[in-house]
Structures are given as structure tokens and as C-alpha cells.
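J.: A single structure is presented below for examination.
Computed from the coordinates by the stated procedures, all read-outs in this text should not be read as laboratory data. Owing to the predicted nature of the structure, the values given are computational and were not obtained by experimental measurement. Glycine also receives a Cβ, built like all others from the backbone with ideal geometry; neighbour counts cover every protein chain displayed.
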Amino acid sequence: MSEWFAPLIDWYRLLPEADAISLVRLALVFVLCLGAIIGSFLNVCIYRIPLGQSVSRPRSHCFSCGKTIPWYLNIPVLSWLILRGRCANCKAPISVRYPVIEAVTALLFLLVFQMWANPHALLLNAIPGQVPALILFYWIFVASVVVDVMIDIDHRILLDRISLGGTLIALAVSAAFPILHHAPSWWPALLASLGGAAAGFGAGFAIAWLGERIFLQDAFGFGDVKWLMLFGAIFGWRGALFILMFAAFIGLAMGLVAIAVAKFRRTAADDDGAPFAIPFGPALGAAALLWLFWGNLLVDGLFAAHAWAFTHRTAFLGALFPLLLLSCGWLIYRIRAIRRAAQDEDLEELPEESGKE
Ligand SMILES: [Zn+2]
């Protein structure tokens, strides 16, 4: 793989600096457009995969009038803005979530590209030949996270083809591109990937098991466990454990916001408990992206906090204790809400969290 790109990188290094910078800017614009187009495709996947429909046929059409959308009105983000969120044919409103998903995907693609292909790395001779493959792999990964998070919000399903298929692909990619685990050769990289998958599955399974024994409810579904296994296969055991920890905090924040919104609205939310029974997938997906882009920064910060904790023990415990209480309180509150919703048979119509697709 490295030989294919070597002439291109050599040519880039010989360019005058101003030309090199404009070339990189052009590449960034190209990556943004690519991300938006892929995001447009993800919108189709999110809607059609849970329904068992083909993602390629028929072409995109209006949900209201059924008219096929011509290509010039199907430009990511821009079309929605120009048409002001309405169908060009029947003027029915089109959800704002379509352009948002396109924009988010474009941003994630740009972040992945920036991480490994920034102009400084190119000029400093620091770019290893495996990087183009890594960028492609992480593009596919962030796209799969967007799809899984949105389908979990809509249907409470995490796709097995992403969790299980993704784990197999991650193992193969680890062996083919050891740089994924900063390993010198294929064998230690594959071992790191296998160990990570085992750690992710083990930690997730332990939480699911404990949740079932202590609260007699599955707070953490088997779909979450399998997804955590994929994160372990990509990021290693440290990544899997950190993602689980971050996800718990993000889940706590999401739960608090849901409670605040329900309190604010003062609707029937308190009776059916539905707003509290939020899926855990979005928290897991957000934690995985956080780890991908800012994992190193977070670990550095945490170790700095660790050193600080030893010198300021009282202050550290004083800050940690309310946070722990809050986490426990939220967990119990959420379990109670889910149980109440289940009694009302609200949740029984929902599909199993570990989906078949
Ligand atoms: Zn229409």
C-alpha cells in the first residue's frame, strides 16, 4: 500500500509551500463534500435498513407525495436550505434531521482526514504509507456509528451486521495495518485487537449481568455488549474500558436532560416514564467518537488530574462523591422508569435491543 502513494507524497513535498497549502485546502473541501454525500446515503440506510428495504432502489422520494427527487434537488444540506425544508413538489415539510446528519457526517469525515493527513505531517516526512488505508477504515467506522446511533434512537436496535461484521473486519484490518494498534508487525496487532474485543465483550457482559442480578432489569442490552466488542477490536482494551466509562457519564448527562425536559413540559411523561427509558446507544457512540478523536488528550488530562488528586485528596473526594451519588441516583431512577413503562406495556411492543439485522 505504501508504495502506491510514495510518488504522490514525494511530488507533494517538492511543491512550493503556497501551492502545497492551497492543495491541502482543496483536499479539505473535497473531503467535506464527500462526507456530505455519504451522509445523504446514511439517511437512506437509517430509514430503510430496519424496514428490510434495499438501500439502492427505489431512488429517494418524498414521503408525502411519493414523487422521486431529481438529483439537482438532492444535493446534501444545500437543497434543504434552498427549499427551506419543504418538498419542491407538494411543499410538505422535510425533517431538519436529514441536513443535520449530512452536516455531521461531513464534519466527522473532515476530522478523520485532519487527524492523519494534515499538511504538517505530510511535510515533516512523518506520514506512514498505511495512512490512506487507515483514513478509509475510520471513515467507514464513523459512518457506521452515525447509522447505529440513529437506528437505536428510532427502533432501539443496534445492528448485528455492524457489531459482529465490524469486529471481523477490525481484526482483519488490524493484522493488515498494524499501525492501527501502533504495533511493529501483524501478530502483536492482531493480538491487541483480539484482546480489545475480549475486554469490550467481557466488561459489557459483566455490566449487563450485574444490572440483571441487582436491578432485575436489563439496563444494558446485549446489543450494547456486542458494540463494545467492536470498539475493543478497533481501539484495544484501554479504548473499550474508557469508552464504557465515558458512555456512563454521557448517559448520566442525557438522563438528567431528559428528566429536566420532562419536568419542564409537565406532560404525561411522569406517568408512562417513556422519556426516561432512553437507549444507551447514543451515549456509547458519542463516547467512541470522543475516544477516536480526543482519546490521547483525555488520557493526558486524566493522568494530570490523577497527580493532582494525590496532592489534593480532600478536594478530589469532595468532587467525586457527589458525582458518584448522582450516577447511582440516576441509574436507579432510570431502572424504575423502565420498569414502570414495562408494566404499562409500553416497552413490550419495542423490538429486542439486540436486533436480528
Ligand atoms: Zn412531496
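J.: Once amide H atoms are placed 1.01 Å from N in the peptide plane, what residues at a sequence separation of 5 or more from L158, or on another chain, have their amide H within under 5 Å of its amide H?
T.: Counting only residues 5 or more places away or on other chains, the set is G355.
J.: Can you classify region 1-155 as rounded, prolate or oblate using the Cα gyration tensor, where a ≥ b ≥ c are the square roots of its eigenvalues, rounded means a/c under 1.5, and otherwise it's prolate if a/b beats b/c and oblate if not? Spell out each step's value before the answer.
T.: Working: a/c = 2.96, a/b = 2.02, b/c = 1.46.
Prolate shape, in that a/c is at least 1.5 and a/b is the bigger ratio.
J.: Counting pairs of Cα atoms in region 142-236, how many percent are more than 15 Å apart?
T.: Values: 2711 of 4465 pairs.
When every Cα pair of region 142-236 is considered, 61 percent fall beyond 15 Å.
J.: How do the peptides 226-239, 70-83 rank, highest first, by the average count of neighbouring beta carbon atoms within 10 Å per residue? Numbers along the way, then the final one.
T.: Details: 226-239: 26.1, 70-83: 14.6.
Ranked from most to least packed, the peptides come out as 226-239, 70-83.
J.: For H61, which sequence-distant residues (separation of 5 or more, or a different chain) have an amide H within less than 5 Å of its own amide H, given hydrogens modelled in the peptide plane?
T.: HN-HN under 5 Å from H61: I69.
J.: Can you run the Rg to Rh ratio on region 23-113? Use alpha carbon positions and the Kirkwood inverse-distance Rh.
T.: Checking Rg against Rh, the ratio lands at 1.00.
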